[in-house]
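Notes follow the structure.
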Amino acid sequence: MEYGDKKTKKSPRRWKHLEGFSLREEGQYAYSGSYMACETDENVYRTVCTRMLAVSAAAAVLLIAAGCFPHTGMEGNVFLLLPYTLSLGASLLLTWSLFQMRRSGTVLRKYQYEKIVYAVSRRSAEGIAGTGAGLLGLVFSLVRGIHAGYGPGAWLLAVSFAACLPGFLYIFRKKSIFIWKEIRENGKSDNNNDTNMSKVGK
């Protein structure tokens, strides 16, 4: 696909998904690109997606709740505030990606797969990094005596880091049970996934 204006030339990735669409004789655009089909049993797929979504949503709620308490002693402590921001952002975006993943089913258009499934891997890794850094930051702050005299809110935040880290690790590992295979435009594949094409989201 050619990009006619300067704005799209500067950010071709933004319009990359349009490459899978072609103009029909009736004058309407239709998706003619490839699909990604999950070879995992559909019931297992939905069950695991639901569990991962619940874990991610619980982590987001816990982090939000921890942020609502007064954080005496944490003012200006970047060793805790930056990991908290990363963890909270990752949990919210991960929850949204998992919701889309479950709703879309076991067959995704190629650009949907790259947008949703890749995001689950990236956001769960960011959550692991954020919560792990938060715990290390707390230990470092205590050892170095930075902003001594933490209040209950700071300790609640530490507990939320410790509780959310296993959840992010669970999602990061569990997503690997899904085996994806690319399907040609006509919906045929070596594993007879033709029946899955009826489940593709419009």
- Message: Could you list Lys181, Lys110 so that the one with the fewest beta carbons within 10 Å of its beta carbon is first and the one with the most is last?
- Response: Lys181, Lys110
- Hey, got a sec? Which GluC sites (Glu not before Pro) in region 32-117 land in a DSSP loop and have at most 12 other Cβ atoms within 10 Å? Glu75
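Any read-out appearing in this document is the output of simple, stated calculations on the displayed coordinates, not a laboratory observation. All values reported here derive from a predicted model rather than from experimental measurement. Cβ atoms come from the backbone with ideal geometry, glycine included; neighbour counts cover every protein chain shown.
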